[in-house]
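Participant: The structure under discussion is supplied below as structure tokens; questions concerning it will follow.
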Amino acid sequence: MPFLLWVALDYKLPKLNLPGLGSETWTNADFEGKATMVYLFASWCGPCWRHLPAIQAIHERVKDRQDLQMVALSVDEDQEELAAFMKGKKYTFPVMVSKEYAKQLLPQMILGQTWIVDKTGSIRLQRTSGVGGTQAEVDEALYKLNQVSKR
């Protein structure tokens, strides 16, 4: 299966002050100094489910690094249901929650897309489909994340 294209962008993240799934709050400062992969999803989005194991795998590979991170942006409106979904599936990647922020960020909100944000908080790469479940797709996404971190 051929890889889907990543589109090069230069788009600064809008002001960010979003609740996380735990007690944390995500701000633009959380994106400074590290490259970040962001995956847009909802717990009720069936097509997103096939990407989530890959998102978890990427999180596992970068969670101890200071220069890279993986975070999901959920448009779920019920945080309790989202927390139950994450726990039930044993997903541990961090999640920011805000449907309004996703609408502000994107002219068309297509669930399942992935972005890579650079160390200055600018979106550099976008893929309208998430990372698939194969090891090759996970490796390719990590390669892209590493490339952006070196800029």
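Participant: If each residue of separation counts as 0.36 nm, what is the full-extension length gain between K12 and A29 once their alpha-carbon separation is subtracted?
Facilitator: On the way: separation 17, 0.36 × 17 = 6.12 nm, distance 1.29 nm.
Here the segment from K12 to A29 would lengthen by 4.8 nm.
Participant: Subtracting the Cα-Cα distance from 0.36 nm times the residue separation, let me have the gained length for E80 to D139 in nm, one decimal. Working shown, then result.
Facilitator: Details: separation 59, 0.36 × 59 = 21.24 nm, distance 3.21 nm.
18.0 nm is the gain from fully extending E80 to D139.
Participant: Please report, in Å, the Rg and the Dmax of the stretch 1-42, where both are computed over Cα atoms only.
Facilitator: Considering the stretch 1-42 through its Cα atoms, Rg and Dmax are 13.6, 40 Å.
Participant: Sticking with this one: What does the extension gain come out to for Q66 and C45, with contour length at 0.36 nm per residue minus their alpha carbon separation?
Facilitator: On the way: separation 21, 0.36 × 21 = 7.56 nm, distance 3.09 nm.
So the chain would gain 4.5 nm between Q66 and C45.
Participant: Further, regarding this structure: For n ≥ 4 DSSP H runs only, could you compute -39500 (n - 2.57) per run for the chain, divide by its residues and tell me the 222 nm figure to the nearest 500?
Facilitator: Working: 5 runs with 48 residues, N = 151.
Calculated mean residue ellipticity at 222 nm is -9000 deg cm²/dmol.
Participant: Could you point to the residue in A83, S43, T27 farthest towards the positive end of the chain's charge dipole, with +1 and -1 charges on the Cβ of Lys/Arg and Asp/Glu respectively?
Facilitator: The residue sitting farthest along the positive end of the dipole is T27.
Participant: Could you state the per residue volume, in Å³, of the convex hull enclosing the Cα atoms of the stretch 1-105?
Facilitator: Working: hull volume 13.3 nm³, N = 105.
Per-residue hull volume (Cα only) is 127 Å³.
Participant: Got a sec? What order do W115, W6, W49 fall in by accessible area at 1.4 Å, biggest, i.e. largest, first?
Facilitator: On the way: W115 5, W6 35, W49 115 Å².
So the residues, ranked largest to smallest area, are W49, W6, W115.
Participant: Here is a follow-up. Using unit Cβ charges (K, R positive; D, E negative) and no other charged atoms, how large, in debye to the nearest 20, is the dipole of the stretch 30-114 about its Cα centre? Walk me through the numbers before you get to the answer.
Facilitator: Working: 10 positive and 11 negative charges, 75 e Å.
I would put it at about 360 debye.
Participant: Could you list which residues have their amide H under 5 Å from that of V95, counting only those 5 or more apart in sequence or on another chain, with H placed in the peptide plane?
Facilitator: Counting only residues 5 or more places away or on other chains, the set is L21, G22, A72.
Participant: Continuing with the same structure: Within the stretch 57-93, whose backbone N sits under 18 Å from a point 7 Å along Cα→Cβ of K103?
Facilitator: 73-79
Participant: Provide the percentage of antiparallel DSSP beta bridges, counting only those with both residues in the stretch 1-148; round to the nearest 5.
Facilitator: So the antiparallel bridges in the stretch 1-148 amount to around 60 percent.
The values are calculated or read from the model by the stated rules, or taken from the named source; none is laboratory data. Small disclaimer: the values here were computed from a predicted structure and weren't measured. We place every Cβ from the backbone using ideal geometry, glycine too, and count neighbours over all the protein chains shown. Areas reflect the complete protein model, heavy atoms only, side chains present, ligands, DNA and RNA absent. Shrake-Rupley method; radii C 1.70, N 1.55, O 1.52, S 1.80 Å.
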